[in-house]
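K.L.:
This is the structure, below, for whatever I ask next.
The values are calculated or read from the model by the stated rules, or taken from the named source; none is laboratory data. Bear in mind that the values here come from a model prediction, so they are computed numbers and not experimental data. Methodologically, a virtual Cβ is constructed for each residue, glycine included, from the backbone with ideal geometry; neighbour enumeration extends over all protein chains shown.
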Amino acid sequence: MTPDNKISRIQELVYEIRIGEVMQSDVITISPQTHMSELRKILREKRISGAPVMDGDEMVGIISIEDFIKWLADREHDCPISEKMSKDVQTLYADEPLTQAVNKFERFGFGRFAVIDRQSRRLLGIITKGDIVEGLLKKLEIDHYKEEEEIYCRRVEHFFEDILADKVVLLFQYDVAGHDFKRAGEGASRLKASLKRLGLDPQIVRRVAIATYEAEMNLVIYTDGGQIRARVEPHEIFVKVADSGPGIPDIQKVLQPGYSTAPEWVRNLGFGAGMGLNNIFKCASKMELKSVVGKGTQLYIRIDTKDGAMSETN
Ligand SMILES: Nc1ncnc2c1ncn2[C@@H]1O[C@H](COP(=O)(O)OP(=O)(O)OP(=O)(O)O)[C@@H](O)[C@H]1O
Ligand SMILES: [Mg+2]
C-alpha cells in the first residue's frame with residue numbers, strides 16, 4: 001500500500017465508520033451540584049478529561065479539565081460546576097459517520113462531544129479526537145490483516161490451480177542427522193507445515209506427517225542420517241526417505257508388527273515398539289521398502305491426495 005492510497009483509505013473510513021463504533025460508551029457523568037473543588041479529584045480518579053453533566057436524565061452541559069484550569073487561573077470561589085460548565089452542548093448522533101465528528105471538532109474546537117441516540121436523545125457516550133484516531137487505526141490494522149490474508153489465500157489457490165493443471169510439481173527436501181534426538185522429527189514437522197500452508201486436506205497432511213515422522217525416527221535411531229524428499233503432484237504425494245547404512249537384512253521381518261531391534265536405551269526413550277513401519281504402511285496408499293545391507297535403505301511412500309481416509313492397500 002502506498003502512503004497515498006492509505007490517506008484515501010482513511011478518507012473512506014471516516015465515511016464508513018459510525019460514531020457509535022468508536023465512542024466511549026462507558027460514560028462517567030457528573031451532577032451539576034458537584035463543586036468545582038471536587039472536579040479535579042473526580043477527573044483524576046476516573047482518568048478522564050471531561051464529562052457530561054446530567055441533571056437526572058437530562059444532559060445540561062459538559063465540564064472539562066479546561067474549565068477547571070480556567071477556574072483555578074481566575075482564582076474564583078468554589079461553586080457548583082453548573083456555573084462553569086459549557087452549556088452550549090453540541091451533540092452528535094451515534095449513527096452519524098465519523099466525518100461529522102471530525103467537522104464538529106474542527107468547527108467548535110471542543111475536546112469532546114456527547115453522543116446521543118437520534119430517537120430517544122438519550123446519552124449513549126462521548127467521543128474525543130483520540131477515540132477517532134484509535135478507531136481509525138484499529139480499522140486500518142484489521143484491513144491490513146485482511147489484505148494479507150486475502151493475498152495469501154489467492155496465492156494458495158493459484159498454487160493449487162497450477163498443480164492441478166499439471167504445471168507444477170513441488171519438491172521438498174530435508175536432511176536428517178543420525179542419533180540427534182534433539183532435532184528428531186523436525187523434517188516431518190516442517191513438511192507438515194508446508195503442506196498445511198498449501199491448503200491440502202488436513203487428513204492427507206496428517207497421513208504424510210505420520211508416515212514421514214516414523215521414517216525420520218528410524219533414520220535417527222538406526223542410521224547415521226539421510227534425507228527426506230517429498231514430491232507433491234496433482235493427485236499424489238511421494239515421500240522418499242533414504243539413508244546410507246547399515247541396511248536391513250530381512251525386510252519381511254522388520255515389516256512384522258512388534259519386531260524391533262531397538263536397544264534398551266532407545267526403548268527407554270519411548271521408541272522401539274516395532275510399530276513404525278506398520279504405521280507408515282497404514283498411512284500410505286502404497287509403500288515400498290528397499291535395502292542393501294552395508295549400503296543403505298530407501299523407503300518409498302505414496303499417498304493419494306484424493307482419498308482422505310487411511311488406506312490398507314499396498
Ligand atoms: N532405516 C533403517 N535402517 C536400518 N534399520 C531399520 C531402518 N528402519 C527400520 N529399521 C529396522 O526395522 C525395525 C522396525 O522398524 P519400526 O519402525 O517398524 O519399529 P521400531 O523403530 O523398532 O519401533 P517404533 O517405530 O515402534 O518406535 C527396527 O527396529 C530396525 O531394526
Ligand atoms: Mg520406528
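K.L.:
How about segment 299-314: which of its residues are surrounded by 13 or more Cβ atoms within 10 Å (Cβ to Cβ) and either at pLDDT below 95 or more than 9 Å from ligand 1 (Cβ to nearest atom) (or both)?
P.N.:
Y300, I301, R302, I303, D304, T305, D307, G308, M310, S311
K.L.:
What is the one condition in (1) part of a loop (DSSP other than H, G, I, E, B); (2) in contact (Cβ under 8 Å) with a residue 12 or more places away in the chain; (3) within 16 Å of ligand 2 (Cβ to nearest atom); (4) under 25 Å from V205 (Cβ atoms) that G270 does not satisfy?
P.N.:
(2)
K.L.:
Separate question: For segment 287-295, indicate whether the set of residues that are within 12 Å of ligand 1 (Cβ to nearest atom), surrounded by fewer than 17 Cβ atoms within 10 Å (Cβ to Cβ), part of a loop (DSSP other than H, G, I, E, B) and of a type in the set (K, R) is non-empty.
P.N.:
The answer is yes, given that some residue of segment 287-295 is within 12 Å of ligand 1 (Cβ to nearest atom), surrounded by fewer than 17 Cβ atoms within 10 Å (Cβ to Cβ), part of a loop (DSSP other than H, G, I, E, B) and of a type in the set (K, R).
K.L.:
For the subset of segment 93-107 comprising residues that are farther than 22 Å from L43 by Cα and more than 35 Å from the chain's Cα centre (by Cα), which member is surrounded by the most Cβ atoms within 10 Å (Cβ to Cβ)?
P.N.:
K104
K.L.:
Consider segment 51-72. How many of its residues are touching a Gly at 6+ places or on another chain (Cβ under 6 Å) and not β-branched (V, I, T)?
P.N.:
Qualifying residue count for the region: 1.
K.L.:
Among (1) within 14 Å of ligand 2 (Cβ to nearest atom); (2) in contact with a helix residue (DSSP H, G or I) (Cβ under 8 Å, 6 or more places away or on another chain), where does V232 come up short?
P.N.:
(1)
Yes/no per residue for (1) among the aliphatic types (A, V, I, L, M); (2) assigned to a helix (DSSP H, G or I); (3) surrounded by fewer than 16 Cβ atoms within 10 Å (Cβ to Cβ):
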| residue | (1), (2), (3) |
| --- | --- |
| S37 | no, yes, yes |
| R44 | no, yes, yes |
| E66 | no, yes, yes |
| L72 | yes, yes, yes |
| H77 | no, no, yes |
| S82 | no, yes, no |
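K.L.:
For segment 108-138, how many residues are buried (at least 17 other Cβ atoms within 10 Å of the Cβ) and part of a helix (DSSP H, G or I)?
P.N.:
4
K.L.:
Among the residues of segment 182-221, how many are surrounded by fewer than 20 Cβ atoms within 10 Å (Cβ to Cβ) and hydroxyl-bearing (S, T, Y)?
P.N.:
2
K.L.:
For residues that are away from ligand 1 (no atom under 15 Å from the Cβ) and among the charged types (D, E, K, R), scanning just segment 215-247, find the one that is nearest to K182 (Cα to Cα).
P.N.:
Here the answer is R231.
K.L.:
Moving to a separate point now. Please work out if V220 is away from ligand 2 (no atom under 12 Å from the Cβ) and of a type in the set (A, V, I, L, M, F, W, C).
P.N.:
Considered against the rule, which asks whether it is away from ligand 2 (no atom under 12 Å from the Cβ) and of a type in the set (A, V, I, L, M, F, W, C), V220 comes out as no.
K.L.:
For segment 273-297, give me each residue that is on the phi > 0 side of the Ramachandran plot and either within 13 Å of ligand 2 (Cβ to nearest atom) or among the β-branched types (V, I, T) (or both).
P.N.:
G274
K.L.:
Please count how many residues of segment 233-255 are modelled with pLDDT of 90 or more and in contact with a Leu (Cβ under 9 Å, 6 or more places away or on another chain).
P.N.:
Looking only at that region, the number is 10.
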